[in-house]
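Asker: Mind having a look at this structure? Questions to follow.
No lab work stands behind these numbers, since they all come straight from the coordinates. Just so it is clear, the model here is predicted, and its values are computed rather than measured. Note that each Cβ is placed from the backbone with ideal geometry, even for glycine, and that neighbours are counted across all protein chains shown.
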Amino acid sequence: MTIEEYISLHSDDEPDYLAEINRETWVKQINPRMCSGHFQGRVLSMFSKMIQPKNILETGTFTGYSALSFAEGLAADGTLDTIEIDDELEDIILSNIRKSPFADKIFLHIGDALEIIPTLKKKYDLIFIDADKNYYIDYYEAVLPILNDGGYILVDNTLWGGKVVEKVDEHDKQTVEIIRFNDMIKADKRVEKVLLPVRDGLTLMRKLNI
């Protein structure tokens with residue numbers, strides 16, 4: 001048994017509809033590792049339940065697993081906006097959302113997050129960044145103004161398979177940008193931050209009232 005298997009066995013089970021989405025994603029999608037999956041999904045759900053956000057924003061929906069995990073912690077009158085650039089995933093995402101108890105709380109936006117974010121007329125308590133790694137700094141700067149003071153940002157893949165501590169090929173733009181993002185966040189006095197070794201790295205930030 002691996003340590004990852006042990007961790008999963010000693011965490012709560014995922015809801016049946018999420019287990020089905022995970023299986024379908026691994027069978028039918030080209031890059032199934034992009035799906036948060038059981039363990040990370042339970043982590044996202046727990047954070048959301050601790051925060052009890054009224055509004056959640058997600059960049060990077062993929063097949064909807066992370067959005068549905070976050071939705072478990074929404075306030076009774078809460079909503080979740082999720083943005084996915086790949087329009088070929090739209091029908092799959094909507095079908096997966098309908099399998100859950102949160103179909104009336106989740107709003108899917110198809111398109112470029114950097115174009116969609118300025119059109120959203122809400123303030124958010126919890127924001128998840130998990131889209132194109134080349135634009136992490138751009139997403140961060142776009143969402144920080146619409147995050148409530150004291151609100152939280154979670155950013156996925158900030159350890160990037162361990163490449164962040166290896167010699168970097170300057171042509172590996174995604175790794176270069178992840179490292180640049182991590183260094184920028186470390187120095188950013190607008191937020192408190194901690195980088196958690198959850199799966200592929202999960203950075204948790206809290207916006208300060210300054």
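Asker: Once you compute Rg and the Kirkwood Rh from C-alpha atoms, what is the Rg to Rh ratio for the chain?
Answerer: Reported Rg/Rh (Cα atoms, Kirkwood Rh): 0.94.
Asker: What is the percent of Cα-Cα separations in segment 70-156 that go past 19 Å? List each step's numbers first, then the result.
Answerer: Working: 1528 of 3741 pairs.
Of all Cα-Cα distances in segment 70-156, 41 percent exceed 19 Å.
Asker: Right, next: For Lys173 and Asp149 in the same chain, what is the full-extension length gain: residue separation times 0.36 nm, less their Cα-Cα distance, in nm?
Answerer: Length gained between Lys173 and Asp149: 5.4 nm.
Asker: Any chance you could list the semi-axes, whole Å, largest first, of the equivalent ellipsoid that the Cα gyration tensor gives for segment 46-90, using √(5λ)?
Answerer: Values for segment 46-90, descending: 21, 10, 7 Å.
Asker: What lysines does Lys189 reach when the alpha-carbon gap must be under 19 Å and sequence neighbours fewer than 8 apart in one chain are set aside?
Answerer: Lys207
Asker: Can you list residues from other chains, or at least 5 along the same chain, whose modelled amide H is less than 5 Å from the amide H of Leu126?
Answerer: Asn55, Leu57, Tyr152
Asker: Separate question: Pull up all non-local amide H partners of Ala75: gap of 5 or more, or a different chain, and H-to-H distance under 5 Å with H placed in the peptide plane.
Answerer: Those qualifying (amide H under 5 Å, at least 5 residues apart or on another chain) are Lys54.
Asker: Taking 0.36 nm per intervening residue step and subtracting the Cα-Cα distance, what contour gain separates Ser11 from Leu208 on full extension? Could the numbers behind the result be given before it?
Answerer: Working: separation 197, 0.36 × 197 = 70.92 nm, distance 3.13 nm.
That works out to 67.8 nm of additional length.
Asker: Under a point spin-label approximation (7 Å from Cα along Cα-to-Cβ), what is the Asn31-Arg190 distance to one decimal in nm?
Answerer: The answer from the label model is 2.6 nm.
Asker: Rounded to the nearest 500 deg cm²/dmol, what is the calculated helix-only ellipticity per residue at 222 nm for the chain, with -39500 (n - 2.57) per DSSP H run of length n ≥ 4?
Answerer: So the helix-based figure for the chain works out to -11000 deg cm²/dmol.
Asker: Quick one: which residues, 5 or more positions from Val191 or on another chain, have an amide H under 5 Å from its amide H? H modelled 1.01 Å from N in the peptide plane, none for Pro or chain starts.
Answerer: When sequence neighbours closer than 5 places are left aside, the close amide H contacts are Leu208.
Asker: Let me ask something additional. Can you give the local net charge around Met46? Use residues other than it whose beta-carbon is closer than 11 angstrom to its beta-carbon, Lys and Arg +1, Asp and Glu -1. Before the final figure, lay out each step's value.
Answerer: Numbers: positive: Arg42, Lys49; negative: Asp12, Glu72.
So the environment of Met46 carries a net charge of 0.
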